[in-house]
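J.: Here it is, the structure, as structure tokens.
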Amino acid sequence: MLLECLNKAGLAAILVLVVTSMTAVGTSYSVTRIIAPLRDARLVLVTLSANFVLMPLASLGLAAALRLDEPLADGLLLLGMASGAPLIPNLVGLAKGSLPLAVGIMILLTAGTLVYLPLILPLFLPGVIVGSLSVARPLLLFMLLPLAIGIVLKAYREDLAALVKPLLDAISNVSLGANSSADLIAQYRQSSPHFRFAWHHGRRVTHHSRRGRRMAGRRRKRRHAAGGRPLYGRTRPREPGL
């Protein structure tokens, strides 16, 4: 019950995060500024090659190296082929990078995924049929539509766009924190008893280690106060002439 609630809360938080972050980006930049980085042919070629050639090959190689079961290998391949993650602008914003470049690349990868995934995935997974509409619907609804709304709002009501952007940023940050917290709690609840035992045992070892260091520090202070003589045991007789 708790895991189901956490999964639903994490999904709701990620949807709010994507919608608010895309709208906030749209209220900040115009279409010309967003597509300007895409005029660099070398950048576009490298981006497409890395995401639609290297990543699928790396997924296949990693699945073979780890000898993953078929469902896990198929899932890893699907992750490697589906590019254009909606969190790209958020991560770039946290890193103080170029948001127009991040949004332009995200749009490029999203459009590429709409064409690439239905055509190429059945070649690696025979019998799997991917409809373009099923892939396009969530991307258009939760990513491109909020971005377009923000761009239109900035173009016609720039004062209102400047007013709502801080609110959208705040909601986006809260949603990111909520999603991360829900994922961490869910992963902890799903972890095996051995992992939880190792976690708690590691905490106990760390606690005793810190306690031992504090006790050693107190002993050194008492020894220094006693003139350098040891507190326990007998002193070793000094050699003549020393």
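The values are calculated or read from the model by the stated rules, or taken from the named source; none is laboratory data. Source: prediction; values computed, not measured. All Cβ positions, even for glycine, are placed from backbone atoms using ideal geometry, and neighbour counts span all protein chains on display. SASA here: full protein model, heavy atoms, side chains in, ligands and nucleic acids out. Shrake-Rupley method; radii C 1.70, N 1.55, O 1.52, S 1.80 Å.
J.: Does any residue of segment 82-93 turn out to be assigned to a helix (DSSP H, G or I), surrounded by 13 or more Cβ atoms within 10 Å (Cβ to Cβ) and either at pLDDT 85 or above or of a type in the set (Asp, Glu) (or both)?
T.: So far as segment 82-93 goes, no, none of its residues is assigned to a helix (DSSP H, G or I), surrounded by 13 or more Cβ atoms within 10 Å (Cβ to Cβ) and either at pLDDT 85 or above or of a type in the set (Asp, Glu) (or both).
J.: Give me a count of the residues in segment 1-15 that are in a helix (DSSP H, G or I) and either open to solvent by 60 Å² or more (accessible area, probe 1.4 Å) or at positive phi (or both).
T.: Summing the residues that are in a helix (DSSP H, G or I) and either open to solvent by 60 Å² or more (accessible area, probe 1.4 Å) or at positive phi (or both) in segment 1-15 gives 7.
J.: Sticking with this one: Kindly evaluate residue 140 against the criterion of being within 26 Å of the chain's Cα centre (by Cα), among the aliphatic types (A, V, I, L, M), modelled with pLDDT under 85 and surrounded by fewer than 19 Cβ atoms within 10 Å (Cβ to Cβ).
T.: Yes, satisfied.
J.: Could you list all residues from segment 130-149 that are among the aliphatic types (A, V, I, L, M), assigned to a helix (DSSP H, G or I) and farther than 24 Å from residue 100 by Cβ?
T.: Once the filter is applied, which keeps residues that are among the aliphatic types (A, V, I, L, M), assigned to a helix (DSSP H, G or I) and farther than 24 Å from residue 100 by Cβ, segment 130-149 yields 133, 135.
J.: Give segment 104-129 a look and list any residue that's in a helix (DSSP H, G or I) and loosely packed, with under 12 Cβ neighbours inside 10 Å, or say none.
T.: Correct list: 119, 123.
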